[in-house]
Structures are given as C-alpha cells and as structure tokens.
Amino acid sequence: KQEVTQIPAALSVPEGENLVLNCSFTDSAIYNLQWFRQDPGKGLTSLLLIQSSQREQTSGRLNASLDKSSGRSTLYIAASQPGDSATYLCAVPPSSTSGTYKYIFGTGTRLKVLA
Amino acid sequence: GAVVSQHPSRVICKSGTSVKIECRSLDFQATTMFWYRQFPKQSLMLMATSNEGSKATYEQGVEKDKFLINHASLTLSTLTVTSAHPEDSSFYICSGRPLTNEKLFFGSGTQLSVL
C-alpha cells in the first residue's frame with residue numbers, strides 16, 4: 001500500500017530565503033507525482049506535475065525534482081515571499097494503477113514566510 | 001487551467017438533516033470525479049470515485065448509503081451527506097481531470113458543520 005510522507009510538517013522562514021520541501025513515497029512504481037498548494041479553508045491548486053519518466057519540472061520560482069528509485073521528490077522554492085505562505089501537498093497515484101488518478105496525498109508542509 | 005466549481009462553500013445544518021454538495025466542471029467534461037474529505041490539519045482522504053452514468057466506487061470504510069454520489073452528466077457530480085451527524089463535520093473537496101490533461105483540478109471545497 002502506497003504511503004506518502006512529507007517533512008517538515010511546518011516551516012517558518014524569513015522572506016527571501018530559498019527553501020526545500022520533501023516528499024517520500026513507499027512504492028516507487030508511480031505513474032506521476034503532483035505538488036499542490038492549499039490556502040486555509042480553500043481547495044487545492046496544482047503547481048507541478050512530474051511524469052515518472054521525468055526528473056524535474058520548473059514553473060517560475062518553483063522547481064520539483066523526482067527520484068523514483070529512492071522514492072523521493074523535492075519542491076524547491078526560490079526567493080520565498082509572504083504570498084507563498086500556504087500548505088504544500090504532494091500526491092501520487094497508487095502503484096500500478098496508471099490512469100485512475102486516485103491520488104494518495106501526503107500530510108503536507110505548512111509554510112509561513114515572514115515579511 | 002481547467003475550472004471546477006463547488007457549492008456551497010460553507011454549510012451549517014442540524015443533526016439528522018441531509019446536505020447536498022455540487023461539483024461542476026465548467027470548461028471540460030469529466031467522466032470521473034473524485035470526492036475527498038479533510039479534517040483540520042490533516043491531509044486529504046479519498047472517499048469515492050464518481051463515474052458518469054454509473055455507480056460510484058467507494059473507498060474502504062466509507063458508507064455508500066451515508067454519502068450518496070450522483071454523476072448524472074459529464075459536468076456535474078453531487079455528494080449528499082444523509083442524516084448528517086456532528087462527526088460528519090469536515091471539509092469536503094471534489095476534483096476532476098480533463099481528458100486532455102493529466103493534472104487534477106480541485107473545487108474550492110465545502111466546510112460542513114453539523115450541530
């Protein structure tokens with residue numbers, strides 16, 4: 001059974017810092033991996049999707065990497081801003097079920113960027 | 001990106017009543033939609049997969065008679081919490097995926113409070 005873990009659970013940094021959020025998954029046979037952002041009391045916004053054949057994806061100040069063999073993904077946020085404050089979630093479909101998109105979510109990292 | 005509209009955003013009801021939550025894909029057709037629930041400071045837990053024109057498939061431990069799902073069209077899925085009780089109070093979120101896009105798009109969520 002696929003399990004997804006995220007560390008740290010919470011992070012508070014001053015504005016301008018570069019930071020790394022970590023995501024680990026137990027079964028490396030994934031189809032893809034997505035990173036999401038969730039603001040308090042809101043739905044989720046997809047940030048980046050990495051296919052199993054890719055090693056990284058970039059969007060603006062965000063860069064996500066994927067190491068399937070070790071069951072890890074990292075989300076790198078450059079030059080953090082107060083507006084980046086949110087909970088960041090990673091999610092993977094269960095192993096060997098490509099196409100069903102029944103994502104399993106990590107517990108998230110609550111990020112607070114201080115002005 | 002694709003847009004998923006979810007209503008209502010917040011509902012307060014008395015114990016024993018039923019509550020319907022709507023999830024609409026505004027600019028794409030969704031043969032499959034997913035319903036999640038999220039408790040405070042916890043991650044999303046998949047409740048069920050809503051299939052257009054057929055019965056929903058429920059995750060283990062989710063009562064299908066309590067959480068009724070209807071997916072009558074390619075753009076609308078509804079979740080009805082029947083005979084709601086205080087323990088059903090939670091944040092419910094739906095998601096869908098366009099056929100031409102592998103990303104999941106989420107509604108803004110519904111905060112249900114049962115008194």
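Just so you know, all these numbers are worked out from the coordinates, no wet-lab data involved. Remember, it's a predicted structure, so these values are computed and weren't measured experimentally. Here Cβ is always computed from backbone atoms with ideal geometry, including for glycine, and neighbour counts include all displayed protein chains.
Brief remarks on what is shown
- Chain B, relative contact order in percent, only Cα pairs under 8 angstrom and at least six apart counted: 37
- Lys/Arg +1, Asp/Glu -1 at C-beta; chain A dipole; positive extreme among A:Val113, A:Ser65, A:Leu89: A:Leu89
- Within chain A, the ratio Rg/Rh, alpha carbon atoms throughout and Rh by Kirkwood, equals 0.96.
- Placing +1 on the Cβ of every Lys and Arg and -1 on the Cβ of every Asp and Glu, with no other charges, gives chain B a dipole of roughly 180 debye about its Cα centre.
- Counted over the protein assembly as shown, the DSSP beta bridges are approximately 90% antiparallel.
- Packing-based ranking, highest mean first, of B:81-88, B:32-39, B:47-54 given that Cβ atoms within 10 Å are counted: B:32-39, B:47-54, B:81-88
- Residue pairs, from the table A:Lys68/B:Lys55; B:Lys14/B:Lys64; A:Lys42/A:Lys102; A:Lys1/A:Lys42; A:Lys42/B:Lys64, whose Cα atoms sit over 23 Å apart: A:Lys68/B:Lys55; A:Lys1/A:Lys42; A:Lys42/B:Lys64
- Computed on the Cα atoms alone, the convex hull of the protein assembly as shown gives a volume of 119 cubic angstrom per residue.
- Checking Cβ-Cβ separations below 4.7 Å across chain B identifies B:Cys13 as cysteines lacking any candidate disulfide partner.
- Counting only other chain Cβ atoms within 10 Å of each residue's Cβ, the peptide B:29-42 averages 2.
- Separation of the B:Leu115 and B:Met45 label points, Cα + 7 Å toward Cβ, nm: 2.6
- Other protein chain C-beta atoms within 10 Å of residue C-beta, averaged over A:38-47: 6.
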